[in-house]
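The values are calculated or read from the model by the stated rules, or taken from the named source; none is laboratory data. What you see is a predicted model, and the numbers here were worked out from it, not measured in a lab. Glycine gets a Cβ as well: all are built from the backbone with ideal geometry, and neighbour counts include every protein chain shown.
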Amino acid sequence: MNNPKENETQLDYALRGKAWKVYWYLLKSGTPQSVREVQRALHFSSPSVASHHLEQLRELGLVDKQELGGHYFLVGEVKIGVLRHYVKLGKLLFPRYFFYAVFSTTFYAAFLAVLMPGLNWLARENLFIMVFGAVVCAVFWYEAYRMWSLRPY
């Protein structure tokens, strides 16, 4: 009997290349997709390539096929690989760091706009806060961009 860590490792290994792109596409679409829709959306050379990868996902237990119409849909979501760092809002997937970046940038801008005009800009503690806030925002934006660039397509 496999433990959850082994199952996660097996899924992580199985979800590579085109199978990973198909899984990501189904996750983003949120609706059942036909073989041809997958093939066209991912620019596969033929429907048989899409069918192969959909069946591969079906064997892994991540996708099921409707009896009527033959459309494929996600059965469950897995948080493996880069997906650990994503949040799904409707049909959109965002890197978690995107929300951290927006939050920190908003409060940093508010601090600069509201509190800083009345303070001495060259005072050591104010200079530290300004530099620290800028570095925090930059790090979060960099990480959000890095996670975004790791998506399959």
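Here are a few things to note about the model shown:
- Where a residue in the stretch 41-62 is more than 14 Å from Leu26 (Cβ to Cβ) and its partner, wherever it lies, is among the acidic types (Asp, Glu), with Cβ under 8 Å and at least six apart: none
- Number of the exception - Val114 against (1) at pLDDT 85 or above; (2) not assigned by TED's automatic domain parsing to the domain that holds Leu15: (1)
- Test for Val35: is it touching a Ser or Thr at 6+ places or on another chain (Cβ under 8 Å) and aliphatic (A, V, I, L, M): yes
- Close pairs (8 angstrom Cβ cut-off, 6 or more residues apart or separate chains): in a helix (DSSP H, G or I) in the stretch 20-39, charged (D, E, K, R) anywhere: Trp24/Arg151; Leu27/Glu77; Leu27/Lys88; Lys28/Lys91; Ser29/Lys91
- Residue in the stretch 74-82 that is assigned to a strand (DSSP E or B) and either buried (at least 17 other Cβ atoms within 10 Å of the Cβ) or at pLDDT 75 or above (or both) present: yes
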